[in-house]
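Structure, as structure tokens:
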Amino acid sequence: MQLALWQSIALIVLAGLVPVDKYGMTFGLRWPVITSVFAGLIVGDMATALYIGGTLQLMSLGIASVGGSSIPEYGVGAVVAVAIAATSGGGVEAGLAIGIPVAMLMVQFDVLAKIACGGLVQYAQKLANDRNFKGMYATLLCGPVLMFLTAAVPMAIAVFVGGDMVNAVLNALPAWFTGGLTVASKMLPVVGVALLLTYMPASKFFAAVMLGFVLVAYFSMSMLGVALVGVIVCLVYWGYCADKSASSANNTVMGELEDE
């Protein structure tokens, strides 16, 4: 599939808005599962886009940017992966093979952009001290533009030369290597889930974790079904805790009345 010019431009703009949204608007474009929806609408292959978005979303679980630290930009990786999957004909595996390294590469771009933004802020402070507020505002606006370019430039390279490049690379790779990429793409989401579980009270609610595993492994229930069962379990547990608290409060009141 060959992308039209408007599709290429739309994908570049979408990728560029991911870091801008992350540090500014926060509409949710940083999440791969959301970004992939827009990428799927642009390329016209929603099934592949949602598969890629869901895979990268699982990989990103448990990973957070704390205190200004830089992390892989899986939202940009999702856009790149969808574009490569649509243009190369290599499917999801080819898209993830390029999208994941791009997400990792965004760590370095993010660091460089933050260093540059630090210089911009210092210059804007100097302009503010000189009461040149018009120049200060213009300087500060360069920050979002710089963040936009950190994702838009790699996306432009992936869109305009990525398809042919990926096809050439895939044809040159041995079958055992491409098969390994397929296996790895299915294993990597487990890493994201494992990272998430380390920050959750999984040991306290181990029975709920096992319930989800049994529903999927033995009853082939979909993720939506497991999520709904989880909501039901949470409501039952919440009701039990509320009743227990109310009973404890009543016993306390009755004890005080008896003492009087």
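Hey, among Met104, Met147, Met136, which residue is open to solvent by 40 Å² or more (accessible area, probe 1.4 Å) and in a helix (DSSP H, G or I)? Talk me through it step by step, then tell me what you get.
On the way: Met147 fails: open to solvent by 40 Å² or more (accessible area, probe 1.4 Å); Met136 fails: open to solvent by 40 Å² or more (accessible area, probe 1.4 Å).
Checking each option against the conditions leaves just Met104.
Please work out if Val107 is in contact with a helix residue (DSSP H, G or I) (Cβ under 8 Å, 6 or more places away or on another chain), without any contact (Cβ under 8 Å) to a residue 40 or more places away in the chain and among the β-branched types (Val, Ile, Thr).
So Val107 does not fit the description; no.
Look through Leu120, Leu127, Leu56 and report the one residue that is hydrophobic (A, V, I, L, M, F, W, C) and either at pLDDT below 75 or open to solvent by 30 Å² or more (accessible area, probe 1.4 Å) (or both). Give the steps one after another, and end with the answer.
On the way: Leu127 fails: either at pLDDT below 75 or open to solvent by 30 Å² or more (accessible area, probe 1.4 Å) (or both); Leu56 fails: either at pLDDT below 75 or open to solvent by 30 Å² or more (accessible area, probe 1.4 Å) (or both).
Sole residue among the options that is hydrophobic (A, V, I, L, M, F, W, C) and either at pLDDT below 75 or open to solvent by 30 Å² or more (accessible area, probe 1.4 Å) (or both): Leu120.
What are the pairs, 6+ residues apart or on separate chains, where a residue within region 5-16 that is over 14 Å from Leu41 (Cβ atoms) has its Cβ under 6 Å from a residue that is open to solvent by 30 Å² or more (accessible area, probe 1.4 Å) and among the aromatic types (Phe, Trp, Tyr)?
So the pair list comes out as Gly16/Phe148.
If the requirement is being assigned by TED's automatic domain parsing to the domain that holds Leu112, more than 17 Å from Met106 (Cα to Cα) and modelled with pLDDT of 85 or more, which of these qualifies: Val13, Val76, Val43? Break it down into steps so the answer makes sense when it comes.
Working: Val13 fails: more than 17 Å from Met106 (Cα to Cα); Val76 fails: more than 17 Å from Met106 (Cα to Cα).
Just a single option satisfies the conditions, and that option is Val43.
Can you name the number of the only condition in (1) modelled with pLDDT of 85 or more; (2) loosely packed, with under 12 Cβ neighbours inside 10 Å; (3) touching a Leu at 6+ places or on another chain (Cβ under 9 Å) that Val229 fails?
Unmet condition: (2).
I need the full set of residues from region 1-20 which are over 13 Å from Thr150 (Cβ atoms) and not aromatic (Phe, Trp, Tyr), in order please. Don't jump to the end; show me each part of the working.
Within region 1-20, the subset over 13 Å from Thr150 (Cβ atoms) is 1-11, 13-14.
Scanning region 1-20 gives Met1, Gln2, Leu3, Ala4, Leu5, Gln7, Ser8, Ile9, Ala10, Leu11, Val13, Leu14.
Report the residue count in region 209-226 for those that are loosely packed, with under 14 Cβ neighbours inside 10 Å and not in a helix (DSSP H, G or I).
Qualifying residue count, region 209-226: 4.
Can you name every residue in region 9-37 that is closer than 16 Å to Gly95 by Cβ and surrounded by 20 or more Cβ atoms within 10 Å (Cβ to Cβ)?
So in region 9-37, the residues closer than 16 Å to Gly95 by Cβ come out as 11, 14-15, 32-33, 35-37.
Selection gives Leu11, Leu14, Ala15, Pro32, Val33, Thr35, Ser36.
Looking only at residues that are part of a loop (DSSP other than H, G, I, E, B) and open to solvent by 70 Å² or more (accessible area, probe 1.4 Å) in region 168-200, which one is modelled with the highest pLDDT? Walk me through how you get there before you give the answer.
At the first step, the residues of region 168-200 found to be part of a loop (DSSP other than H, G, I, E, B) are 173-174, 199-200.
Next, from what is left, pick out any that are open to solvent by 70 Å² or more (accessible area, probe 1.4 Å): 199-200.
Values: Tyr199: 73, Met200: 76.
Once the filter is applied, the top-ranked residue is Met200.
Give me the pairs, please: first residue somewhere in region 212-237 and of a type in the set (Ser, Thr, Tyr), second residue anywhere and part of a helix (DSSP H, G or I), beta-carbon distance under 9 Å, and either six or more positions apart or on two chains.
As it stands, the answer is Ser222/Val216; Tyr237/Ala208, since those pairs meet every condition given.
The values are calculated or read from the model by the stated rules, or taken from the named source; none is laboratory data. Fair warning: this is a prediction, and the values are worked out from it, not measured in the lab. Glycine also receives a Cβ, built like all others from the backbone with ideal geometry; neighbour counts cover every protein chain displayed. The accessibility values were calculated without ligands, DNA or RNA, using every heavy atom of the protein model including side chains. Shrake-Rupley method; radii C 1.70, N 1.55, O 1.52, S 1.80 Å.
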